[in-house]
Amino acid sequence: MPNQRMSIDERFNYLAIQYDRYIVGDRRERSGLLNEMVEVTGLDRKTLIRRMRRRPRRERRKKQRGCCYGAEVQQAIRVIAAALDDPCAERLKPMLAQTGAKLAQHGHLLMTSTLGEQLQRVSVSTVRRIRRRQRQDEPRRPRRAPSANSAVQAQIPIRRIPWEITEPGHFEVDLVHHSGSSASGEYLHTLQMVDVATGWVEPAAILGRSYRVARDGFRRCLARLPFQLREIHSDNGSEFMSYHLFNFWRSNYPEVDLSRIRPYKKRDNRFVEHRNGALVRALVGHDRLDTVAQTLLLNEIYDRLWLYFNFFQPVMRQTFKAYVGGRVVRKHEDVRTPFMRVCALGVLDPTVQRELDGLYERTDPLLLHQEIEGLLDQLFRLPGSEPGHTEDIFETLAYPETP
């Protein structure tokens, strides 16, 4: 049997080529060709003899198969996909039954035992086909389009966080610039922290890149973080490689390891770089944001996004990677949310665990998603800064008196 299975079209093309040799061969040659075709296609010998009676050609079914999943299942998949921000079928399918029960709890679905069993049984391919048909009838909302210090660096080692690490608390950190088409003046940045082991995300909006706002952004993230911080892994930007920020970590969090990527090697921070595009850019876009009001509102959005993404967004995590025959073979573990991964590792304090469980039970993911969309509409209606007017960054700080 072959190591890699042929597709149906590939099998028909192969048999059509072999047919020309088979039809003119004698008994011995046909026997040898049949042996070869059995080995290549994996089909039974008798099946191949019947196929070789005439030139193999793929034909349409005379009678198409009926629909296995009716309107009730398809409507449930539509509502669940909307609540989870329309993830791919591979991420959506494992969450159907759990999220369906959650939405039924808040009155968005009528969950029956039959519907729950069908959501559990439906395959990834079927979910993909259903969502493909549904998207044809749904008006797609367009994404927002565009309208160091060397002494410090010498003290921070260069390394990569292994992708297979299982201990939570090792965070990749980066800034996403919201400068629009011009990088002049002060504008907003998104400070984003992504845990390599669990996919847990901590975002914060800051106005400018000074030490004061960077420190405040980290304070915001650490105040929400439910488990221990073990490592900060950043790029070599001056906002991270400053003496004041280095002293902040060493004075307040001496147990936290600091590390940095190789110069000009963004792939060393591959997890946070992926989230920069798939989460921040997909949500906020590329418009210029540069006022105090926009900073405060974006942080309100990120407070809700923290809950929505970490508790309800399914994440795929790679568990195996190897090169086989010139190709990269990857395997992934069961699709779970970052919160589910953190709970499975057993690193949460019992009191924190109870608080997070209660927060999850009280939260309606569909309503939360709608709140985020509504706040985003408000954000893009806010005016930008006026020429000659200076924005006061102190109005954006959550911890202005923190030393």
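Taking the Cα centre of the stretch 196-307 as the origin, how large is its charge dipole in debye, to the nearest 20, when only Lys and Arg (+1) and Asp and Glu (-1) carry charge on their Cβ atoms?
Roughly 240 debye for the stretch 196-307.
Pairs Lys93/Lys321; Lys93/Lys265; Lys62/Lys102; Lys265/Lys331: which are spaced more than 30 Å apart, C-alpha to C-alpha?
Lys93/Lys265; Lys62/Lys102
Can you give me the orientation-averaged projected area of the convex hull built on the Cα atoms of the stretch 179-297, in nm²?
7.8 nm²
Is the C-alpha gyration tensor of the stretch 122-261 telling us rounded, prolate or oblate? Criteria: a/c under 1.5 is rounded; beyond that, a/b larger than b/c is prolate, otherwise oblate.
oblate
Could you compute the net charge surrounding Leu382? Neighbours are other residues with a C-beta less than 13 Å from the C-beta of Leu382; K and R count +1, D and E count -1.
That works out to -4.
Enter the mean projected area of the convex hull around the alpha-carbon atoms of the chain, in nm², rounded to one decimal.
27.0 nm²
Can you say what percent of the DSSP beta bridges in the stretch 157-296, counting only those with both residues inside, are antiparallel? Round to 5.
Details: 16 of 24 bridges.
Around 65 percent of the beta bridges assigned by DSSP in the stretch 157-296 are antiparallel ones.
To check my understanding: the extent here is largest minus smallest coordinate of the Cα atoms along each principal axis. What are those three numbers for the stretch 8-51, in Å, largest first?
Extents along the principal axes, in whole Å: 28, 18, 16.
Computed FRET efficiency, Cβ-Cβ of Gln370 and Glu39, R0 45 Å: what is it to the nearest 0.05?
My answer for the efficiency is 0.20.
Nearest 20 debye, what's the magnitude of the dipole of the stretch 150-396 about its Cα centre given +1 on Lys and Arg Cβ and -1 on Asp and Glu Cβ?
Numbers: 30 positive and 33 negative charges, 250 e Å.
In total the dipole reaches around 1200 debye.
Please compute the Kirkwood hydrodynamic radius of the stretch 159-199 from all pairs of different C-alpha atoms, in Å with one decimal.
The Cα-based Kirkwood calculation yields 12.2 Å.
Which one, Gln153, Gln318, Gln192, is farthest towards the positive end of the dipole of the chain when Lys and Arg carry +1 and Asp and Glu -1 on their Cβ?
It is Gln318.
Relative contact order for the stretch 71-137: what percent, with Cα pairs under 8 Å and sequence separation of 6 or more?
The normalised contact order for the stretch 71-137 reaches 41 percent.
Counting other Cβ atoms within 10 Å of each Cβ, which GluC sites (Glu not before Pro) in the stretch 1-97 have at most 14 and sit in a DSSP loop?
Glu59
Here, each number is a calculation from the coordinates, and none is a lab measurement. Just so you know, these numbers come straight off a predicted model, no measurement behind them. Here the Cβ is made from the backbone with ideal geometry for all residues, glycine too, and neighbour counts use every protein chain on show.
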